[in-house]
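Quick notes on the structure that follows.
The values are calculated or read from the model by the stated rules, or taken from the named source; none is laboratory data. What you are looking at is a predicted structure, and each value in this text was computed from that prediction instead of being measured. Glycine also receives a Cβ, built like all others from the backbone with ideal geometry; neighbour counts cover every protein chain displayed. Note: accessible area is taken over every heavy atom of the protein model, side chains too, but ligands, DNA and RNA are not part of it. Shrake-Rupley method; radii C 1.70, N 1.55, O 1.52, S 1.80 Å.
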Amino acid sequence: MRGLIITLFVILISIHNIIAQKGSDGKSEPNNWFLLDPKQDKVEGTSTEKAYNTILKNKKSTIVLVAVIDSGVDIYHEDLKDIIWINEDEIDNNGIDDDLNGYIDDVNGWNFIGSQSGNVHFETYEYARIYKKLDEKYSTDSAHIDTIDNPEYLLYKEVKKKYTEEYSEVAENLDYFRQLDYNHTIYSSILKKKLNQDSLELESILTLADEDSSVYNAKRFMKIVNQYYGSVDNIFAEAVELYEEELKNLDLQADYRSVVGDDLTNLTEKGYGNNDVLGPDPSHGTHVSGIIGAIRTNDIGIKGIADNVRIMPIRAVPEGDERDKDVANAIYYAVDNGAQIINMSFGKQYSPNKHLVDSAARYAEKKGVLIVHGAGNEELSIDSVTHYPSRVLSNGEEITTWIEVGASASKTNKEFASDFSNYGKKGVDLFAPGVSIYSATPDNSYEAYNGTSMAAPMVTGVAALLISYYPELTPVEIKEIILASAVIHGKRKVYRPGTSELISFSELSKTGGIVNTYEAVKMAEEYSRDKAKIDILK
């Protein structure tokens, strides 16, 4: 039994962290805490409501088009349906590319991971794809290879090690959780029968006498579950599902991509995909879109950051790692169809065709489009380990219209920097709320999620709001304002994400600050007045 208790403790902590990054109940703070003001409301929100109630009150705005490159968006959601972009130059479902942009019937956006035959749902991780490709070349006879002069072989050894370790860990954890799921089912049945109840609470469980070993073991099991998770509910079934999905991401024999029908060796191919912008599971992209611009005046659901946007859904992110070709094409599509901001809440650790995304990001920069990207959830310094896509190009230059965002929590304690967020004094510009963020999910529902995926659209929303109310400002000026107006917490001591090491919050990003709508609007007002004075003098 002691072995079971120790194992259960370790696994419960593990699964609690996994599920927490997918979502939480958000009950510790108001659902809209990320919109609130630190001084007035005692939570480290973005002061968005304060901005609307003061500086922006009765001020006119213009529509801003925001592209959301993601898993898909529920364009019929009650809090989003009226702000979904409509391509007015395209006639719906007539099978003709009316606007001659290369995409047939793209009335609301485009899906680069689908076709008339269906959609990609799951996909392998990039390092698994690299391993599979290089294993065919190096697995049989590698003794002659000069490892010093062969970077490809060094990459092969790296991804092989990573794949082998990851697969072993996932398979082992899946076995653990399957056993625990089975145990929970058995013990629940025993306890419900003894108590003559359909549901279980720890208080009633503990009233049972230890009349035999089965009841004793069931009580001990449930007590430990409750101790480390706060409930006796079966959390293990969800863990089984998560790890089964993880194995799909590691399946070297899977051919998820074939449904698209494109030529993966043709890296400049355009026009593939379909117009299904929802896809198999639009949860992530719907949540992101809600944060950016959920309708603020309908008295339902939530309020987004920006109050006058249109969302352009572009589906390029599966359950697994996105492909560089699709990301590049998604950026080009967004820019060519008028997007002013692109939100990218996704990432990976390897990018075999980085040059494609670099070129697309440079194109966006030249066209005056702002890119906002989540820093990632691996609790890593992206100054040391690159998280792709990256604003740093292969030649060392940087995209000037790119903002990189880490995730913060609602309280300024030692856990103010979320325990999962990537960080970097050079690589991350600022942090934004990313813990227990309540937003739209498919079928007119709402949930709280965690992640830098939630922090990025906070900044996207602020950028869209600034462009909407101050259209005379350039993308570079918008970025400068957002960074310069961030609320600084530089000297505050926080845990380095993923560790118990205390460091200054200033070490985690360039600004050492949190995005703040009110301060950004106040600064934009000053910028705007100064520009107007200069124009008068001209």
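Ligands, DNA and RNA are left out, and with a 1.4 angstrom probe the accessible area of the chain is 45 Å² per residue.
Normalising by the residue count of the stretch 442-538, find the relative contact order in percent from Cα pairs under 8 Å and 6+ residues apart. Walk me through the numbers on the way to the answer.
Numbers: 90 pairs, mean separation 26.4, N = 97.
Relative contact order comes out at 27 percent.
Extension gain for the segment N31 to V385, taken as residue separation times 0.36 nm less the Cα-Cα distance, is 124.1 nm to one decimal.
Among the protein heavy atoms of the chain, carbon and sulfur supply 48% of the accessible surface, probe 1.4 Å, non-protein parts ignored. Put simply, the amide H of I84, placed in the peptide plane, has neighbours under 5 Å in I311, leaving out anything fewer than 5 places away on its chain.
The angle between the Cα long axis of helix 452-469 and the main principal axis of the chain comes to about 20°, on a 0 to 90 degree scale.
Using C-alpha positions alone, give me the convex hull volume of the stretch 23-105 per residue in cubic angstrom.
Working: hull volume 13.5 nm³, N = 83.
Measuring per residue, one finds 163 Å³ for the Cα hull of the stretch 23-105.
Expressed as a fraction of 2.2 N^0.38 Å, the C-alpha radius of gyration for the stretch 451-515 is 1.31.
Sorted largest first, the principal axis extents computed over the alpha-carbon atoms of the stretch 404-459 equal 40, 23, 15 Å. The H on the amide N of T441, modeled in the peptide plane, is under 5 Å from the matching H of Y446, E447, each at least 5 residues off or on a different chain. Between T62 and N298, the contour length at 0.36 nm per residue exceeds the alpha carbon distance by 83.0 nm.
Taking amide hydrogens as placed 1.01 Å from N in the peptide plane, the amide H of V428 sits under 5 Å from those of K510, each at least 5 positions away in sequence or on another chain. Over all pairs of different C-alpha atoms, the chain has a mean inverse distance whose reciprocal, the Kirkwood radius, equals 24.8 Å. May I ask for log10 I(q)/I(0) of the stretch 65-222 at q = 0.10, 0.12 Å⁻¹, from a Debye sum over the Cα atoms as equal point scatterers with solvent left out? Calculated log10 I(q)/I(0) at the listed q: -0.82, -0.87. What the Cβ-Cβ distance of N150 and D89 gives, at R0 = 51 Å and to the nearest 0.05, is a FRET efficiency of 0.50.
Rounded to the nearest 0.05, what FRET efficiency is calculated for K270 and K132 with R0 set to 22 Å and r the Cβ-Cβ distance? Don't skip to the answer; put the middle values down first.
Numbers: r = 26 Å, r/R0 = 1.19.
In this case the efficiency is close to 0.25.
Kirkwood hydrodynamic radius computed over the stretch 129-229 comes to 17.6 Å, based on all pairs of distinct alpha carbons. Under the classification rounded if a/c is under 1.5, otherwise prolate if a/b is larger than b/c and oblate if not, where does the stretch 216-363 fall, given a ≥ b ≥ c as square roots of the Cα gyration tensor eigenvalues? It is oblate, given that a/c is not under 1.5 and a/b is not larger than b/c.
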